[in-house]
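This report refers to the structure that appears directly beneath it.
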Amino acid sequence: MVSESSKQVRATINYVRNAPATGAVQLEFCTEAEERSTMETLPGREIGVIDARGLKTSLDREGFQLVTHRSAVDDFEDIELNSDKNSCYMAEMSQLLIEVTRASRVIMLSGAKQRFSELATKQSACLVNARPARYPHADNTDRSSAQQIRMLERGTVGPEMKDYSRIAFYNLWRCVSPPPQDSPLAVCDARTVLPADEVPVIAITEVLGIGEVRHETTSYRYNPAHRWYYFPHMNRDEVIIFKTHDTEEESARRVAHSAFDDPDCPDDVVPRASVEARILALYR
């Protein structure tokens, strides 16, 4: 843990407030039509979000890590719609993940995904699901991760999937707008989260070229033991890598994360724009 003197900001985190009882109907969150959502997160909780710069966090302990990486992509504005840029970037992120984690093999789970602060006005009208999530969540659950692994066993990887002793899912998050950021990414130390804090939620969203997709994700109940961190003033040569699932139970399993409003950020900054890549790593 960090000392009480560590720099932090007070910010609002919107935990789930209506977690259902065991066996009750599962909550849903609709990213493009929140009025359809059955998950309730407001009002949020004011908590301290700790400046993680200078702290030596790790993927296996806290579940997240900041790394330096300069991309060959010079303009991220249209990366989601530009196939050449998208392919180049995903190849870069795959190689970066191998270098950082020493994985035997990596598999891209999607293309590069852009997101923009709600204050952003310069974004493509063709993009869907482009706003940052404003509630603590992890991109997978044990069940949805197992489903993805079974799909790979039946498809891309085949029976060879059983040759790997460990499978982990990662999100590689890069801010591509200049610092400071009005809505940074907060990540929660996985060691401070209990299994009882997790709430499986069905995320309903639109995916370009596919349509509506339903995927089980993890939301979270409030727990005062949670310790939240962020990396202020990120630049485009920095990437936050964080865990979204790991079959290794002795390691950090997944990281709750959420966008939040930085109260120390001036009003006249360029609204946050970010790019993320979701990649699966296989270990022998």
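Can R278 be described as of a type in the set (K, R), at pLDDT 95 or above, under 27 Å from G48 (Cβ atoms) and out of contact with any Pro (no Cβ under 6 Å at 6 or more places or on another chain)? I'd like the intermediate steps shown before the answer.
Details: of a type in the set (K, R): yes; at pLDDT 95 or above: yes; under 27 Å from G48 (Cβ atoms): no; out of contact with any Pro (no Cβ under 6 Å at 6 or more places or on another chain): yes.
The answer is no for R278.
Run down A196, A203, A190 and say which single residue is aliphatic (A, V, I, L, M) and more than 29 Å from L282 (Cβ to Cβ). So that I can check it myself, show each step before the final result.
Numbers: A203 fails: more than 29 Å from L282 (Cβ to Cβ); A190 fails: more than 29 Å from L282 (Cβ to Cβ).
Matching residue, one of A196, A203, A190: A196.
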Original post:
Out of all the residues in segment 148-163, which are surrounded by 13 or more Cβ atoms within 10 Å (Cβ to Cβ) and over 26 Å from the mean Cα position of the chain (by Cα)?
Top reply: none
**OP:** Only residues in segment 214-225 that are among the polar types (S, T, N, Q) and at pLDDT 95 or above count as the first member; pair them with residues that are part of a loop (DSSP other than H, G, I, E, B) and exposed (fewer than 13 other Cβ atoms within 10 Å of the Cβ), Cβ under 9 angstrom, at least 6 apart or cross-chain, and list the lot.
**Re:** N223/L194
**OP:** Kindly check whether there is at least one residue in segment 230-239 that is assigned to a loop (DSSP other than H, G, I, E, B), touching a residue at least 12 places away in the same chain (Cβ under 8 Å) and among the β-branched types (V, I, T).
**Re:** no
Original post:
Which one is surrounded by the fewest Cβ atoms within 10 Å (Cβ to Cβ) among residues in segment 227-275 that are β-branched (V, I, T) and modelled with pLDDT of 95 or more?
Top reply: T247
Original post:
Going by the conditions given, is S145 in a loop (DSSP other than H, G, I, E, B), of a type outside the set (V, I, T) and surrounded by 14 or more Cβ atoms within 10 Å (Cβ to Cβ)?
Top reply: no
Subject >> Options N129, N82; residue that is over 27 Å from T218 (Cα atoms), surrounded by 14 or more Cβ atoms within 10 Å (Cβ to Cβ) and among the polar types (S, T, N, Q) >> reply: N82
**OP:** Go through (1) farther than 27 Å from D264 by Cβ; (2) of a type outside the set (V, I, T); (3) modelled with pLDDT of 95 or more; (4) surrounded by fewer than 20 Cβ atoms within 10 Å (Cβ to Cβ) one by one and return the number of the condition R10 breaks.
**Re:** (1)
Original post:
Between residues in segment 171-188 that are in contact (Cβ under 8 Å) with a residue 60 or more places away in the chain and residues that are among the hydroxyl-bearing types (S, T, Y), which pairs lie under 6 Å by C-beta distance while being six or more apart or on different chains?
Top reply: N171/T244; C175/S274; D182/S117; S183/S117; P184/Y230; A186/Y230; A186/S258; V187/Y229
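The values are calculated or read from the model by the stated rules, or taken from the named source; none is laboratory data. Note that this is a predicted model, so its numbers are computed, not measured. We place every Cβ from the backbone using ideal geometry, glycine too, and count neighbours over all the protein chains shown.
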